[in-house]
Amino acid sequence: MAVEPLMEREIEDRRGTDAYKKAGLAFAEHRIAMCRLATKESDWIMVDDWEASKAEYTRTALVLDHIEHEINEVNGGVRDSTGIRRKAKVALMSGADLIDTMSVPGVWAREDLDHILGRYGAFIIERMGTDLVKALETLEPWRDNIYAIPQLIQNDVSSTKVRQFLRKDMSISRLALRCILKGSRGDESHTLLANNATSKGVTTCAKVDTEMCLSGKATRSSMDSDPPGIYHDRGRHARENSYGHLLPHTRSAAIRPGHPVANSTRTSRRTTSGRIPSSSYAEKHRAQFSQVESSRAPSLNVRSKSGREAEVKVTKRKGRKRRTTLDHNHYRDTTRTRDISQSLNLDLEKATFSSPKEPRQSRVKNLSNRSNPWSRRRKCIFAATIGSRRSSAGHNDVAAPMPTQPSNSNLNGIAPSSIPEGARGTYLDPFTWYDTTDFNLTYTNETVGGLPLMGLNSTYSDDTRANAQVPPLTSKFMYGTTPIRGVNLGGWLSLEPFITPSLFSSTSTPPIVDEYTLTASLGANAPNVLEKHYATFIKRDTFAAIRAAGFDHIRISFSYWSVTTYPGDPYVRGISFRYLLRAIEYCRMNGLRVNLDLHGVPGSQNGWNHSGRLGPIGWLNGTDGQLNADRTLNIHRQLTTFFAQPRYANIVTMYGLVNEPRMAALNQSAVLNWTATAITILRQSGMPQSTVAVIGDGFLGLANWVDSPLLLLPNTSTQNLLLDAHQYAIFALDQLALPHAEKLAYVCDGFAQQTNASMNSSKGFGNFICGEWSQADTDCAPNLNNVGAGSRWEGTYLLNEQPNCPLKNSSCSCQEPNGDPKTYREVYKTWLQHFAAGQMKSFNYGWGSFYWTWLTEEATQWSWKLGMEAGILPSNVRMLDESVSCEGGVDWAGQGLGETI
């Protein structure tokens, strides 16, 4: 009788094993036992047998749901430093072979990929024989939620090969976990474990001192017992653990302390932070981080009370010194933790790197124990994360010094008492404004569409024209016949780190990576800092200079907090709207027509920093996705009502519904339906029917807008409907890596073909414009790929395994593109001129283009103003049309322009 339950259990085990259809896979109870052996001496990894104990195959999406439920529902989340429980972020961890299968059409259900990669995200450990970059290219909709962990030294160890060794009676002492080998001696069951060194369906959980839970398939098979603040992977460069401890890990063999996944530095976006408590191990090995001087590379030193010392540069272990050098490229990746932490909304705290130039301090938290199964017998130590660098005064250094305040002489003769008592100190009180230049300071509380008229002058004239080649504002601009020669005012009313890096130079904690974190860090001082920026970055003479440069249109980017904010928003409400209205009047003075661009919407339409908040997309996606979409429609109702005033009929001729919605990651039908509703709002608002409604192509590619369903929806005829694509040849790896001659041919011929095809309504959408383009021929500009991120060109951007200049080797350099333009070689200047001219010629086959952008603080190749000053762009945009030919034939290499810059 005692045998029957065992037989029944073995049948169930076989059923669970067979469901995976993997030859030689051990029974579930043995896989569980193997993982428990592997984690027996670990104080930061736990094992969950939920999946392996099930008789049927369990989809990965359901396993992740289970892990999240256990942590966030059963366990109530994780505790932060104040003891408050917060939700944890769960993610899948796997080898590259698994992600490779995800890239094969038909292997994984689309809804499962959306659930796994869209909702949770994945950390992928590079595996020999798998082309990770190629696999990720086919997973583009979720690319920003997949984080690659490169292996500097390739490791081909796998459970399959372990079994092959054993079948041939070959030693596996260097391949398998020591605890499993030890357990196999004299124990048939454990011998079976060694013979079947796979843990399919077993969840091993590595605890995090932040809110992140990694759940994945580990492929490493060796283990150290060092404290999990640093790891010593034999033959590898060492890196600090950027997250602290990792939370539950599913479908996996055990993760060793300091496994590379613990050191991944690329991440997606927000939430809040918390931590899983621990006890004796933390007491025994509480790490004390200290600054380490180094003349060559950043380093980190960790000392525990037990006397053990671990340092990235030199590690003392068991009386021996082992030197591990932190690779410079890895340091640049790891500094991206600032970006990453905000991506996942991790509350990265305390400790960090120390570099020769910028030493950083660190602290460590002790954690308490709990009786919950998710924390039983598990002890954690907080590991290295990006910390806070503070000024000697003890406050965060966020913004660069601003110029002295304008004279505001037009306040003379206006008595403060003329402002009603209830309005004093508010938006309507000009005595609180940083800059009153050219504003009407007569008090009024009148609104249109709920938006204030305060500051507007009652008289205006539309008789001006930008130049002799375009009509005055009172006459119709021949869109589709006369190309738009426009420029963007980017990074002004909607901040962007690479445009104004001075605003993002703080190393405070949490890191400053977007306007959300900037305003949250500034707190009550945010209005002062941002209004100074609005008043000084773009001024009255800016518009005169744009006119003098031959432009006839300006695209002004602004975000929803110009109109309103919502509970929990740290953004500065309304002030930017006042400067938007003044900018439109400056455009009027110079005959420049305006394209209004709603650059950031509630929830973020793309999750990128220029939407306001780096993080997951919360617009038409997620819990509040529909709410945020409806909020955006309400904002359009207010804006279109306001700009339906007669004074704007001749000046605001183009109206952008939403900038760069990331349609590949959204429900496309939902986006199209929302767009049709927004167009209806515009058409019914009272704005002229001739107002051009601008819709973004969502990065779907122009070919995918042929016979768009949008054209079949109400109020969406192609007349006065414009498709806006942002054409850059530097973010897609295949385009970035083109040699100079081929890249010039691509922008001359490829962009031209796309433009012509799109303009042909029988082959494309119809009306087309390039709303953003740039002279930059690399992605080298600092902060372009997010604060602290490297470049694809040099191979220091996280998802790249190698440099991506044409030669694809270590000679790829950003030194000249990022250098002083005065030092540019003449051949490089000539190339940049050709590259810019080729693009503009192509876009002029359509409705024209808007250059991105007029002004940056440092990035010369992204600023028309700085480009003119450097001699790489002409003083008049029309000269660019005539300056060079697109016929090619230039031997750039022969003229000394190498393919590495």
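Could you please report the charge total around Ser418, scoring K, R as +1 and D, E as -1 over all other residues with beta-carbon less than 15 angstrom from its beta-carbon?
-1
Show the residues, 5+ positions off or on another chain, whose built amide H is closer than 5 Å to the amide H of Asn440.
Long-range HN contacts for Asn440: Gly455, Leu456, Asn457.
What's the carbon and sulfur percent of segment 482-895's accessible surface, probe 1.4 angstrom, rounded to a whole number?
That share works out to 49 percent.
Run the quick spin-label model on Tyr460 and Asp169: label points 7 Å from Cα toward the beta carbon, then report their separation in nm to one decimal.
About 9.2 nm separates the two model spin labels.
With θ set to phi - 60° and the Karplus curve 6.51 cos²θ - 1.76 cosθ + 1.60, what are the ³J(HN,Hα) couplings of segment 638-652 in order, to the nearest whole Hz, using x for Gly and Pro?
5, 5, 5, 5, 5, 7, 7, 4, x, 5, 9, 4, 8, 9, 8
Between beta-carbons, use under 14 Å as the cut-off and find the net charge around Gly696, counting Lys and Arg +1, Asp and Glu -1.
Net local charge, Gly696 excluded: -3.
Quick check on my link table: of Lys743/Lys865; Lys476/Lys743; Lys822/Lys865; Lys40/Lys87, which ones sit more than 26 Å apart, alpha carbon to alpha carbon?
As for pairs spanning more than 26 Å Cα to Cα, those are Lys476/Lys743; Lys40/Lys87.
State whether segment 825-865 is rounded, prolate or oblate according to the following rule on the C-alpha gyration tensor (a ≥ b ≥ c being the square roots of its eigenvalues): a/c under 1.5 gives rounded; otherwise a/b larger than b/c gives prolate, and the remaining case gives oblate.
In terms of gyration-tensor shape, oblate.
Taking the Cα-to-Cβ direction at Lys829 and at Ala423 and moving 7 Å from each Cα, how far apart do the two end points lie in nm?
With each label placed 7 Å out from Cα toward Cβ, I get 5.3 nm.
Using 0.36 nm per residue, how much length does the chain from Lys808 to Ala544 gain when fully extended, once their Cα-Cα distance is taken away?
Using 0.36 nm per residue and subtracting the Cα-Cα distance, I get 90.7 nm.
I need the phi-derived Karplus couplings for segment 600-608: 6.51 cos²θ - 1.76 cosθ + 1.60, θ = phi - 60°, integer Hz, Gly and Pro marked x.
Couplings: x, 10, x, x, 6, 8, 9, x, 9 Hz.
Which whole-Hz ³J(HN,Hα) couplings does segment 510-524 yield from phi under the Karplus relation 6.51 cos²θ - 1.76 cosθ + 1.60, θ = phi - 60°, glycine and proline marked x?
Result, ordered by residue: x, x, 8, 10, 7, 5, 4, 6, 5, 5, 5, 5, 6, x, 5 Hz.
If we count every other residue with Cβ under 13 angstrom of Leu117's Cβ, Lys/Arg +1 and Asp/Glu -1, where does the sum land?
The answer is -2.
Can you tell me the accessible area per residue over segment 482-895, all protein chains present, probe 1.4 angstrom, in square angstrom?
In whole numbers, segment 482-895 has 31 Å² accessible per residue.
Between Asn410 and Lys763, how many nm apart are label points set 7 Å from Cα along the C-beta direction?
Between Asn410 and Lys763, the simple spin-label model gives 5.1 nm.
Pull up all non-local amide H partners of Val90: gap of 5 or more, or a different chain, and H-to-H distance under 5 Å with H placed in the peptide plane.
For Val90, the qualifying residues are Cys213.
Given Cβ point charges of +1 (Lys, Arg) and -1 (Asp, Glu) and nothing else, what value in debye, to the nearest 20, does the dipole of segment 403-498 about its Cα centre take?
With only Lys, Arg, Asp and Glu charged at Cβ, the dipole is about 320 debye.
The values are calculated or read from the model by the stated rules, or taken from the named source; none is laboratory data. It should be emphasised that the depicted structure is a prediction, and the values quoted were computed from it without experimental measurement. So basically every Cβ, Gly included, is an ideal-geometry build from the backbone, and we count neighbours across all protein chains shown. To get the accessible areas, we keep the full protein, side chains included, count just its heavy atoms, and leave off ligands, DNA and RNA. Shrake-Rupley method; radii C 1.70, N 1.55, O 1.52, S 1.80 Å.
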